[in-house]
1. Go through (1) open to solvent by 50 Å² or more (accessible area, probe 1.4 Å); (2) within 25 Å of A190 (Cα to Cα); (3) in contact with a helix residue (DSSP H, G or I) (Cβ under 8 Å, 6 or more places away or on another chain); (4) not aliphatic (A, V, I, L, M) and name the single condition E31 misses.
2. In region 24-56, how many are at pLDDT below 80, among the hydrophobic types (A, V, I, L, M, F, W, C) and more than 25 Å from L11 (Cα to Cα)?
3. Filter region 2-28 for residues that are open to solvent by 60 Å² or more (accessible area, probe 1.4 Å), closer than 30 Å to L211 by Cβ and of a type outside the set (A, V, I, L, M, F, W, C) and give the result.
4. Checking F216 against (1) out of contact with any helix residue (DSSP H, G or I) (no Cβ under 7 Å at 6 or more places or on another chain); (2) not in a helix (DSSP H, G or I), which single condition isn't satisfied?
5. Any residue in region 177-203 that is within 15 Å of M141 (Cα to Cα) sitting within a Cβ distance under 9 Å of a residue that is among the basic types (K, R) and open to solvent by less than 80 Å² (accessible area, probe 1.4 Å)? List the pairs, counting only those 6 or more apart or interchain.
6. Conditions: (1) crowded, with 16+ Cβ neighbours inside 10 Å; (2) over 18 Å from the mean Cα position of the chain (by Cα). L224 meets all but one. Number of the miss?
7. Does S156 satisfy being open to solvent by less than 50 Å² (accessible area, probe 1.4 Å) and either of a type in the set (S, T, N, Q) or under 24 Å from T15 (Cα atoms) (or both)?
8. Could you grab me the full set of residues in region 102-136 that are more than 29 Å from the chain's Cα centre (by Cα) and of a type in the set (D, E, K, R)?
Amino acid sequence: MRRTSLAAGLLYLATFVSMPTLALYQDVRGEPDFVLGAGSDTGVLVAASTEVVVALAGVGTAVVLFPVAKRVSETAALGFVTSRVIEGAVIIVGVVSVLTLLTLRTDVAGTAGADPASLLTTGSTLSAVYDWAFLLSQSLMPVFNALCLGWVLYRSGLVPRALPALGLIGAPLLLASDIAIFFGVYDRAAPIAVLAAVPIAVWEFSLGVYLTVRGFRPSAVAALPAGDRASERSPA
């Protein structure tokens, strides 16, 4: 259990490597003619790489914690794994859209006969794909992550209940903000959107730190139902 909590904590902390993403993607978002050669592609490549790490680390947290969460609620454990896999898959979709934009910039924009107007339209489309992928993955899916895993940890007491309580409180706030962004009330980079995401971000970071440094609470581990040994056997 200590190795499980340590692995989960480190993977949770790894999901924060993409925090500078918005700044690194500024050339893509802030330069309308980025696809024609304006701005630098170094930051974009770095940001894309970190998002791949986030996608893999996020799925890793669910895989590592599934055997523990299952002993509390199999439904919530499956929900957590599913939401993490969806989150990771849609993150990769966003990364692919950005890398495709870079390919157009480096391999097409400078060639003879390239139509700048068509490239600008395609570049704007790919940038929009990334924005929607971000909303549906790194903003919406953490809501379901927090509800599933937060409920498991709050019910079991494997960590101090203040941590999952923060996630359970932050989930509806972030969901309301995501709905507002979806219907165009404000942009995902608006201050109110950032504030709405803070409780979930604090919950995930605090959980990562706690699991890395302290691990699961021994008394709560001892109170967990025994695992289903029959289901763990390989079929003969």
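The values are calculated or read from the model by the stated rules, or taken from the named source; none is laboratory data. Since the structure is predicted, the reported quantities are computational estimates derived from the model, not experimental observations. Cβ sites come from the backbone with ideal geometry, for glycine too, and all protein chains shown count toward neighbours. Remember, those area values only see protein heavy atoms, side chains included, never the ligands or the DNA or RNA. Shrake-Rupley method; radii C 1.70, N 1.55, O 1.52, S 1.80 Å.
1. Single failed check for E31: (3).
2. Final tally of qualifying residues: 2.
3. Scanning region 2-28 gives R2, R3, P20.
4. (1)
5. Hits for this filter: S177/R188; D178/R188; I181/R188.
6. Condition (1) is where L224 drops out.
7. So S156 passes the test.
8. Once the filter is applied, which keeps residues that are more than 29 Å from the chain's Cα centre (by Cα) and of a type in the set (D, E, K, R), region 102-136 yields D107, D115.
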